[in-house]
Amino acid sequence: MTYILQDLAARYSTKASLIEIGKSQGGKSLWAMALSEYAPNQHILLRPEVKYIGNMHGNEVVGLEVLLDLIEYILRSIDKEV
C-alpha cells in the first residue's frame, strides 16, 4: 500500500500530499493522503473537507482497496467533468 500511495503522490504532486500520521503498534507507518491544490495544513474558510478511512480493522481489506481506487479516480478526474 505504501508504494501505491507514494506513486500516486508522485504522479499527482500538485494535487496529492502523502503524510505520515504516526506508527502502528508494530512500528509500521500510518499514512494519510490529502487531495487538494492547497497545502495539507491550509484549511479554506467555508470550504467543506471530507475524511475517508480504510482498514479500520486489520482483517478488513476491502475498505482499503475501495479507498485506493477512489483516490485514484478522484485524482484522474479532478480536471475533468465527471
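The values are calculated or read from the model by the stated rules, or taken from the named source; none is laboratory data. These numbers come from a predicted model, not from an experiment. Cβ placement follows ideal geometry from the backbone for every residue including glycine, while neighbour counts extend to all protein chains displayed.
Give me the residue from segment 1-57 that is of a type in the set (V, I, T) and not in a loop (DSSP other than H, G, I, E, B) and, out of that set, nearest to L75 (Cα to Cα). Taking the candidates together, the pick is I4. Residues in segment 61-72 include at least one that is loosely packed, with under 12 Cβ neighbours inside 10 Å and at pLDDT 95 or above. Residues in segment 1-45 that are in contact with an Asp or Glu (Cβ under 8 Å, 6 or more places away or on another chain) and touching a residue at least 24 places away in the same chain (Cβ under 8 Å) were compared, and the one that is surrounded by the fewest Cβ atoms within 10 Å (Cβ to Cβ) is S29.
Considering the conditions (1) out of contact with any Lys or Arg (no Cβ under 9 Å at 6 or more places or on another chain); (2) surrounded by 13 or more Cβ atoms within 10 Å (Cβ to Cβ), I78 is excluded by exactly one of them, (1).
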